[in-house]
């Protein structure tokens with residue numbers, strides 16, 4: 001079950017170490033508000049009662065804004081239990097309104113055709129092995145309901161070569177959609193220049209698709 005080149009156990013150990021040694025506001029991907037993601041989510045037209053999953057949500061503040069917006073069925077999935085605990089502590093009493101899933105998305109079977117919206121900012125580009133990417137895509141195809149929305153953000157072609165000590169893949173909206181295939185129809189895409197907490201820039205692309 002466990003592979004070299006980024007086995008589940010090594011992946012988990014790596015990210016637990018990151019979150020054990022850095023404050024949530026000092027990781028390179030920190031955003032005070034996930035503005036691009038929020039723009040797309042708010043414009044999908046989904047209902048406040050529709051299930052949402054944030055893959056690799058970790059300690060991201062996206063969940064705070066989604067709860068404030070009134071969304072009632074939010075799942076946050078991350079391989080790092082430390083990251084999830086940091087988010088729970090930040091949310092305080094509101095944490096009980098969120099479903100927390102400590103798991104590796106490439107190793108987990110999610111409930112079938114459940115989610116109206118799948119969001120991922122910066123997990124997919126860490127999947128440098130084709131088999132891992134296929135497991136991720138199969139999971140999205142399995143878990144997102146027909147007509148559901150998929151928002152994935154990755155490093156752009158001019159994004160960093162490495163992140164958090166790991167190699168990353170780079171995408172255009174077209175190449176990212178090409179990974180997902182014809183089960184997903186592109187609705188929109190955009191670029192973002194993310195300013196890290198330590199004053200550098202990271203180039204991202206976002207691809208927003210609908211599940212056939």
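Please find, within segment 8-52, the residue that is surrounded by the most Cβ atoms within 10 Å (Cβ to Cβ) out of those that are at pLDDT below 80 and over 23 Å from residue 165 (Cβ atoms). Per the criteria, the residue is 33. Checked against the criterion of being modelled with pLDDT of 95 or more and either in contact with a helix residue (DSSP H, G or I) (Cβ under 9 Å, 6 or more places away or on another chain) or within 17 Å of residue 74 (Cα to Cα) (or both), the candidates 111, 197 yield just one match: 111.
Of all residues in segment 114-148, which are at pLDDT 95 or above and on the phi > 0 side of the Ramachandran plot? The one that is at pLDDT 95 or above and on the phi > 0 side of the Ramachandran plot: 147.
Here residue 149 passes the criteria (1) assigned to a loop (DSSP other than H, G, I, E, B); (2) under 19 Å from residue 51 (Cβ atoms) except the one numbered (1).
In segment 172-188, is there at least one residue being in contact (Cβ under 8 Å) with a residue 60 or more places away in the chain and either surrounded by fewer than 16 Cβ atoms within 10 Å (Cβ to Cβ) or in contact with a helix residue (DSSP H, G or I) (Cβ under 9 Å, 6 or more places away or on another chain) (or both)? The answer is yes; a qualifying residue exists.
The set of residues from segment 189-212 being in a strand (DSSP E or B), in contact (Cβ under 8 Å) with a residue 60 or more places away in the chain and loosely packed, with under 15 Cβ neighbours inside 10 Å comprises just one member, 190. Checking residue 182 against (1) within 18 Å of the chain's Cα centre (by Cα); (2) farther than 19 Å from residue 31 by Cα, which test does it fail? Condition (1) is where residue 182 drops out.
Residues of segment 161-171 being touching a residue at least 12 places away in the same chain (Cβ under 8 Å), surrounded by fewer than 17 Cβ atoms within 10 Å (Cβ to Cβ) and under 18 Å from the mean Cα position of the chain (by Cα), which ones? Scanning segment 161-171 gives 164, 166, 167.
The values are calculated or read from the model by the stated rules, or taken from the named source; none is laboratory data. All values derive from a computational prediction rather than experimental measurement. Using ideal geometry, Cβ is built from the backbone for each residue, glycine included, and neighbour counts are taken over all protein chains shown.
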